[in-house]
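Before any comments, here is the structure.
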Amino acid sequence: MNSTASGAWQPDTAAYLAELRAEFPTFGIIADPGRPLWMAVKGNEIFIRASDGIVLRQRLLEIANR
């Protein structure tokens, strides 16, 4: 975990990205935390954009009906 400028804790980007890729292997997942921008794609059918990895995971879980 890393600390933000406000002192809040957030997951390490690389570690959380690896976890998401392992949990959702059928999706291509990329992150640019400096923007902040997290994206997941699956073929030409699904494109998800989120402000952080936690929101992206929630959306992926909704799509997967978990």
I'm trying to understand the selection: among the residues of segment 16-59, which are surrounded by 12 or more Cβ atoms within 10 Å (Cβ to Cβ) and among the charged types (D, E, K, R)? 19, 21, 23, 42, 49, 52, 57, 59
Selection within segment 40-66 - within 9 Å of the chain's Cα centre (by Cα), modelled with pLDDT under 95 and not small (Gly, Ala, Ser): 52, 54
Single residue of segment 5-31 satisfying the filter (assigned to a strand (DSSP E or B) and more than 10 Å from the chain's Cα centre (by Cα)) that is modelled with the highest pLDDT: 28
Filtering segment 32-66 down to residues that are farther than 16 Å from residue 12 by Cα and either of a type in the set (Asp, Glu) or assigned to a strand (DSSP E or B) (or both) yields 39, 40, 41, 42, 45, 46, 47, 48, 49, 50, 62
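The values are calculated or read from the model by the stated rules, or taken from the named source; none is laboratory data. Here the structure is a predicted model, which means the values were calculated and not measured. Cβ atoms come from the backbone with ideal geometry, glycine included; neighbour counts cover every protein chain shown.
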